[in-house]
Amino acid sequence: QVQLAESGGGLVQAGGSLRLSCAASGRTFSRYSMAWFRQAPGKEREFVAAVSWSQGVTRYADSVKGRFTISRDNARNTVYLQMNSLQPEDTDVYCCAADPRAWGLESFVYDYWGQGTQVTVSS
């Protein structure tokens, strides 16, 4: 089992950058695939990016390709989301997710979730 805690959210102007962090508990973090999702009130959870545990393969939503980068530091039990060229439509609560058995673009794949961190981009 793993517990996740996000940080790094905040208020930024359009065109700015933020780096989100997701710290995981547990000794087997390196065996978990990790992902970031985002969700606005009243809307469905949206996939942002994922990184597999086995070879560090990454996948991104089309809306963030070229702007966001997911990475992981297994020594620090942390996954990051570097967000550049932020736009007002990126405003959401960003949550990280983990799973030891599978990975993908669908939220149902992931068994473990953090509480989320708010990202607000002003125009």
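The values are calculated or read from the model by the stated rules, or taken from the named source; none is laboratory data. If you're wondering where the values come from, they're calculated on a predicted model, not measured in any experiment. Cβ placement follows ideal geometry from the backbone for every residue including glycine, while neighbour counts extend to all protein chains displayed. The accessibility values were calculated without ligands, DNA or RNA, using every heavy atom of the protein model including side chains. Shrake-Rupley method; radii C 1.70, N 1.55, O 1.52, S 1.80 Å.
Remarks
- Cys with no candidate disulfide partner in the chain (beta-carbon separation under 4.7 Å rule): Cys95
- Packing rank of 52-58, 16-22, where each peptide gets the mean count of other beta carbons within 10 Å, highest leading: 16-22, 52-58
- Note on the chain: with a GNM built from Cα contacts shorter than 10 Å, the maximum mean-square fluctuation among Ala61, Ala23, Ala49 falls on Ala61.
- Spacing of the two label points (7 Å from each Cα toward its C-beta) at Ser107 and Gln55, in nm: 3.0
- The length gained by stretching the chain between Lys43 and Ser63 to full extension, at 0.36 nm per residue less their Cα-Cα distance, is 5.6 nm.
- Shape class of the range 73-116 from the Cα gyration tensor (axes a ≥ b ≥ c, square roots of the eigenvalues): oblate, since a/c reaches 1.5 or more and a/b does not exceed b/c.
- Accessible area of the chain divided out per residue, in Å², using a probe of 1.4 angstrom: 53
- The range 1-60 - percent of accessible surface contributed by carbon and sulfur, probe 1.4 Å: 42
- Simple spin-label estimate for Ala75 and Ser25 gives 2.5 nm between the two label positions (7 Å along the Cα-to-Cβ direction from each Cα).
- Area accessible to solvent at Asp62, 1.4 Å probe radius, in Å²: 130
- Those GluC sites (Glu not before Pro) in the range 23-123 that DSSP places in a loop and that have at most 10 other beta carbons within 10 Å: Glu44
- Label-point separation in nm, Leu11 to Ser85, each point 7 Å along Cα→Cβ: 2.6
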